[in-house]
Number of protein chains: 4
Amino acid sequence: MEQILQKIIDDNRQYTEYGNVATYIPELRKASKNDLGICVVDMDNNIYEAGNCGKKFTIQSVSKPITLALALMDNGKDKVFSKVGMEPSGDPFNSIMKLETSKPSIPYNPMINAGAIMITSMIKGKNNADKLNRMMNFFKNLSGNENLSINEEVYMSEKLTGDRNRAMAYFLRSEGVLTENVEDVLDLYFKQCSIEVTVRDLARIGVNLAYQGVDMLTGKRLMDEEVSKIVKTFMVTCGMYDASGEYAISVGIPSKSGVGGGIMGTVPSKMGIGVFGPSLDEKGNSIAGIKVMESISEKLNLSIF
Amino acid sequence: MEQILQKIIDDNRQYTEYGNVATYIPELRKASKNDLGICVVDMDNNIYEAGNCGKKFTIQSVSKPITLALALMDNGKDKVFSKVGMEPSGDPFNSIMKLETSKPSIPYNPMINAGAIMITSMIKGKNNADKLNRMMNFFKNLSGNENLSINEEVYMSEKLTGDRNRAMAYFLRSEGVLTENVEDVLDLYFKQCSIEVTVRDLARIGVNLAYQGVDMLTGKRLMDEEVSKIVKTFMVTCGMYDASGEYAISVGIPSKSGVGGGIMGTVPSKMGIGVFGPSLDEKGNSIAGIKVMESISEKLNLSIF
Amino acid sequence: MEQILQKIIDDNRQYTEYGNVATYIPELRKASKNDLGICVVDMDNNIYEAGNCGKKFTIQSVSKPITLALALMDNGKDKVFSKVGMEPSGDPFNSIMKLETSKPSIPYNPMINAGAIMITSMIKGKNNADKLNRMMNFFKNLSGNENLSINEEVYMSEKLTGDRNRAMAYFLRSEGVLTENVEDVLDLYFKQCSIEVTVRDLARIGVNLAYQGVDMLTGKRLMDEEVSKIVKTFMVTCGMYDASGEYAISVGIPSKSGVGGGIMGTVPSKMGIGVFGPSLDEKGNSIAGIKVMESISEKLNLSIF
Amino acid sequence: MEQILQKIIDDNRQYTEYGNVATYIPELRKASKNDLGICVVDMDNNIYEAGNCGKKFTIQSVSKPITLALALMDNGKDKVFSKVGMEPSGDPFNSIMKLETSKPSIPYNPMINAGAIMITSMIKGKNNADKLNRMMNFFKNLSGNENLSINEEVYMSEKLTGDRNRAMAYFLRSEGVLTENVEDVLDLYFKQCSIEVTVRDLARIGVNLAYQGVDMLTGKRLMDEEVSKIVKTFMVTCGMYDASGEYAISVGIPSKSGVGGGIMGTVPSKMGIGVFGPSLDEKGNSIAGIKVMESISEKLNLSIF
């Protein structure tokens, strides 16, 4: 398996030349454009890695399905989906238009920014510190990594430059959909996006989703089976921003990407996959990362379709 | 199995009270609102049926993935997807807006009307009669039903009232995307939508998709494996109009609905499903039909997620 | 006065270098880019001209306020404005989007194409020939030019390439707003756009609008005073496509432009102005023509604000 | 004249039954629905009043053309119109959509909220207190009322509930159009909207606009002639929210309305008009107020068209 992964990395390294590292959050500009790494964890907890797999990067939007799972367990399906829809939007992740044109004015799904902010606002806790603590513990349990922490520079950078997210949050508040304090919710959201991970962390989370929410290492159930199914469904229909449809065809693995360059894949009943390549296309997905996912899907016949 | 199906029909017949039969095509108003039927064909070609499974209805949008498969084989993936996109649109099936706002002005995907009309325009043939003949043969082969034919009343009714489809086709022509004669393309499209089927026809097509494009009955390959995968992917991301996301969560079976009341489901490597219930919700999907799909998915654990 | 006009033409001829003649109707490509002419007719029927004032060109959208006047007299204000709105749309003249998003689905105003097509459909007559005859007579009376006729090459060219207009007309029909036969209405509309005029014809129509609808030459009332006021109001709020707001600031004269290069201005109780310059900006307005209008407005202090 | 005004008030009082006082700012709910008053100031500084003309109300959007005039004098036309467009938008005053769809992402015009916020951000001053001071002096000079002041309850209410305005301001900041601190700009904007006026104050401002920016009382020039023309043009094309086109037809007087129930009219070279009627239609305009403006326009033949 490691040979296969190594070959996939070698074959696709060329694609790291294309695109650009994210610039809209100044801290993210510091990434090394040519990095490319992969980790696979299978159902027997075997770990296979290749490429720049030790590099840390911020989780960004890859966090969205995880906080969705937590919010679903905290609030139940009915409450969550009264505040956020279930449909792909066809628009970029930071689009605000459909909030104005749709009635009720709820975000189309939890994978676009407006929806993810709503989800973060629904995580339970006595106060923001408690909510953050619960969220971090959930990420730590799912990844089996007790040392997960927040990259403070990225967090501060997001907070300083997050005006588009503020626009969405205030719009949702003006419609009565978001009822919490905007800056509190965004502070938690920016921290969530700034959690630092490696491809192994993502692969570990992915394999636990593949195992329907039960932790491979401990046998402990970390999320309900239904919740794990919902999360994987969104990863297919909306996981790769407004390129999800094309990705479902070319890869066919439930996945979520982030502008930090990460991709988390989960192959039901088979494996979790983490990929990292910080150079992005116009829609915000890792160019070489998608190529790696295409290669592994084809070589190991992983498409769910 | 037939007992299970019978119970599913019995349990869900109550939902036929809700919604309304399609009215935008006058002929469709004649449907019997309380009809509900199901057919399952498994990989050993066993056929199980329950409810009003002998009723004929027009295929309508359920035809879209089939003509997509034919167009893909006629033209290749690259050419088809230069004319039609691969992304869910988030808009109703007859929406024209995104044609104006997106560059290039191609339909978002082949499951909305604008995209399906483009797909129909790409079916090869010496003339319209030849194209129709090739299309009908493809439907006949996939369903194993040599007697498939067009409901002339519905076809005439669609032709008379199809001005919204004309608007889309002329828009696509004004953008240079559609290059064929509009009335010729629409004539073929209206005929395609007016093919009369039963739930068994749909289940047969579904099982052949589940079997990656090989005909269960004859062992003959009817479509490339890759084409069958593409078709099933669109059935997940865009198969149930702008309710596809919710359906993927609650059912999780690649499916396509039509305003005639039909739903075709395909469970990879397992079975094909045909359902009929003509009373529709606001988005154009069979209300009781979706309930039936939810029941069977849950009882037989068919979700792909 | 003629010296003033001559100087205005001389000073602004340089701007004919910018932009391009209309290409979307193939016949219009034949115009001479550097032509620039003006004609002013005052309330005492004095005629002043300068530049290429003998050139003929097709009236195109400059016809829209005139057919609006006729439709208002044929149907009354209430009926007309139940089918077409009164608001600027903020969108390009051939935009279809707002037809989908607004309820009821009527065009925003009679100066965008969708609205103008609706207006043309409301002109009374036993048949299309009779409607055309009534329309031509109205244009002839207003311009005092018995010889006005249709440029057959432009008409055929528009008919061949008018798919965007067909898209709008079919959309309006699918919504039940347009009830006439689409090709009949468009045939009349394409003929209306293909009437050949000179700047003198436009100035003559303009001065009759300035005189509240009474013909300067004969003293005969050609349209109701209220109708003439309505027409002039639309010329301010929507007369220069989606550049009307800027033009109202820089020129301040009720005006209507067309992609043939014409601009018709009407200064209430003072004069009518016709300008011709076929090189257009991106919004479809004559670049040098607007400059000429700015100059004359400033020199003669003609802004209504 | 006062008899005419009294009759107009008497005839139109019935329309105060329709619509509702503004509710989106809680303080505005306290208005008396049946109030209706008018004041006319002519070019000889004669003052005529009728109805509930002593009532104070907050100026709200009627302030927009005034701060536009100040920003134009502070920054020049070129700079202002590089940040805010000149076109009617066709959308409601608090719409955010076009900010996303138009390139560059500047507000369509200074009369919708997004544009007015940009204008407020361009008023010069050492700090917010200084800017407010300059703004208040400008309003005081134009109205000839040294006692103008801010209604603190309304101001606090706007600040508490102004999340839609915050959404727009943060969106503009995320696009780099607004560069100031959002809460500072909005604080100034909310204060501007909360200035308390009577119909006489509005009529006084109106007559000074009618007199091309020269103060009737002192003969002092308060704004450049060109600025006064620009302001009046926007009052025609965008002064009555997305009902400006219809109002231009039925009234034809450059006017600006506010959700406090005020309407300010300016008849070039003739008079200023102030009207107050707090019950609004769906677009935010005073229902009885518009009727009063229609009556006075018709009786005194005041349409500029």
Are there any pairs, at least 6 apart or on different chains, whose C-beta atoms fall under 6 Å, with the first in the range D:246-262 and among the hydroxyl-bearing types (Ser, Thr, Tyr) and the second not in a helix (DSSP H, G or I), and if so, which?
D:247/D:240; D:255/D:239; D:255/D:263; D:255/D:265; D:257/D:240; D:257/D:263; D:257/D:285
Let me spell it out: the conditions are (1) crowded, with 24+ Cβ neighbours inside 10 Å; (2) among the polar types (S, T, N, Q); (3) under 19 Å from residue C:105 (Cβ atoms), and residue C:192 meets all of them except one. Which number is the exception?
(3)
Members of the range C:271-283 found to be surrounded by fewer than 21 Cβ atoms within 10 Å (Cβ to Cβ) and either assigned to a strand (DSSP E or B) or at pLDDT below 95 (or both), listed by number
C:282, C:283
Matching entry among A:203, A:288, A:243, A:248 (being in a helix (DSSP H, G or I), in contact with a Cys (Cβ under 8 Å, 6 or more places away or on another chain) and of a type in the set (A, V, I, L, M)):
A:203
Here are the criteria: (1) under 23 Å from residue C:77 (Cα atoms); (2) surrounded by 24 or more Cβ atoms within 10 Å (Cβ to Cβ). Tell me which single one residue C:225 does not satisfy.
(2)
Can you tell me which residue among B:69, B:50, B:114 is part of a strand (DSSP E or B), among the small types (Gly, Ala, Ser) and away from chain A (no Cβ under 12 Å)?
B:50
Residue C:242 vs. criteria assigned by TED's automatic domain parsing to the domain that holds residue C:47 and under 16 Å from the mean Cα position of the chain (by Cα)
yes
Filter the range B:1-35 for residues that are among the basic types (Lys, Arg) and within 30 Å of residue B:270 (Cβ to Cβ); the one that is surrounded by the most Cβ atoms within 10 Å (Cβ to Cβ) is B:13
Taking the range B:285-305 as the search range and keeping residues that are away from chain A (no Cβ under 14 Å) and touching a Ser or Thr at 6+ places or on another chain (Cβ under 9 Å), which one is surrounded by the most Cβ atoms within 10 Å (Cβ to Cβ)?
B:289
Only one residue in D:178, D:172 is out of contact with any helix residue (DSSP H, G or I) (no Cβ under 6 Å at 6 or more places or on another chain), crowded, with 22+ Cβ neighbours inside 10 Å and within 14 Å of chain A (Cβ to nearest Cβ). Which one?
D:172
Of the residues C:131, C:126, which is without any contact (Cβ under 8 Å) to a residue 12 or more places away in the chain, of a type in the set (D, E, K, R) and over 19 Å from residue B:163 (Cα atoms)?
C:126
Restricting attention to the range A:1-23, and to residues there that are assigned to a helix (DSSP H, G or I) and aliphatic (A, V, I, L, M), which single residue is farthest from residue A:285 (Cα to Cα)?
A:4
Within the range A:222-236, residues more than 7 Å from every other protein chain (Cβ to nearest Cβ) and under 18 Å from residue A:201 (Cα atoms) come out as A:222, A:223, A:228, A:231, A:235
Suppose we filter B:293, B:216, B:264 for residues that are in a loop (DSSP other than H, G, I, E, B) and of a type in the set (A, V, I, L, M); which single one remains?
B:216
If you go through D:270, D:283, D:299, the only one that is touching a Phe, Trp or Tyr at 6+ places or on another chain (Cβ under 9 Å), of a type in the set (Lys, Arg) and touching a residue at least 40 places away in the same chain (Cβ under 8 Å) is D:283
Before we move on, is residue C:147 free of Cβ contacts under 8 Å to residues at least 60 places away in the same chain and either assigned to a helix (DSSP H, G or I) or away from every other protein chain (no Cβ under 14 Å) (or both)?
yes
Just a yes or no: is a residue in the range B:181-188 out of contact with any Phe, Trp or Tyr (no Cβ under 6 Å at 6 or more places or on another chain), outside any helix (DSSP H, G or I), within 14 Å of another protein chain (Cβ to nearest Cβ) and surrounded by fewer than 24 Cβ atoms within 10 Å (Cβ to Cβ)?
yes
Residue, surrounded by the fewest Cβ atoms within 10 Å (Cβ to Cβ), within the range B:122-131, restricted to residues that are in contact with a Lys or Arg (Cβ under 9 Å, 6 or more places away or on another chain) and of a type in the set (Lys, Arg)
B:124
Of everything in the range D:81-99 that's more than 11 Å from chain C (Cβ to nearest Cβ) and part of a helix (DSSP H, G or I), which residue is surrounded by the fewest Cβ atoms within 10 Å (Cβ to Cβ)?
D:82
Quick check on the range B:100-121: of everything there that is aliphatic (A, V, I, L, M) and crowded, with 22+ Cβ neighbours inside 10 Å, which residue is farthest from residue C:97 (Cα to Cα)?
B:119
Among (1) in the same structural domain as residue A:254 (by TED's automatic domain parsing); (2) out of contact with any Lys or Arg (no Cβ under 8 Å at 6 or more places or on another chain), which single condition is residue A:8 missing?
(2)
Return the only residue of C:96, C:123, C:117 being closer than 25 Å to residue D:283 by Cα and touching a helix residue (DSSP H, G or I) at 6+ places or on another chain (Cβ under 7 Å).
C:96
Return the residues of the range C:195-217 that are within 30 Å of residue B:173 (Cβ to Cβ) and surrounded by fewer than 23 Cβ atoms within 10 Å (Cβ to Cβ); say none if nothing qualifies.
C:196
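Here is a yes/no grid of residues against (1) without any contact (Cβ under 8 Å) to a residue 60 or more places away in the chain; (2) touching a Phe, Trp or Tyr at 6+ places or on another chain (Cβ under 8 Å):
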{"site": "C:24", "(1), (2)": "no, no"}
{"site": "C:27", "(1), (2)": "no, no"}
{"site": "C:30", "(1), (2)": "yes, no"}
{"site": "C:36", "(1), (2)": "no, yes"}
{"site": "C:49", "(1), (2)": "no, no"}
{"site": "C:54", "(1), (2)": "no, no"}
Out of the residues in the range D:256-305 meeting the condition of being farther than 15 Å from residue D:21 by Cβ and among the acidic types (Asp, Glu), tell me which one is farthest from the chain's Cα centre (by Cα).
D:298
When only residues in the range D:237-270 that are more than 30 Å from residue D:30 (Cα to Cα) and within 7 Å of another protein chain (Cβ to nearest Cβ) count, which is surrounded by the fewest Cβ atoms within 10 Å (Cβ to Cβ)?
D:268
Only one of A:165, A:208 is in a helix (DSSP H, G or I), among the polar types (S, T, N, Q) and away from every other protein chain (no Cβ under 11 Å). Can you tell me which?
A:208
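The values are calculated or read from the model by the stated rules, or taken from the named source; none is laboratory data. Keep in mind it's a predicted model, so treat the numbers as computed, not measured. Here Cβ is always computed from backbone atoms with ideal geometry, including for glycine, and neighbour counts include all displayed protein chains.
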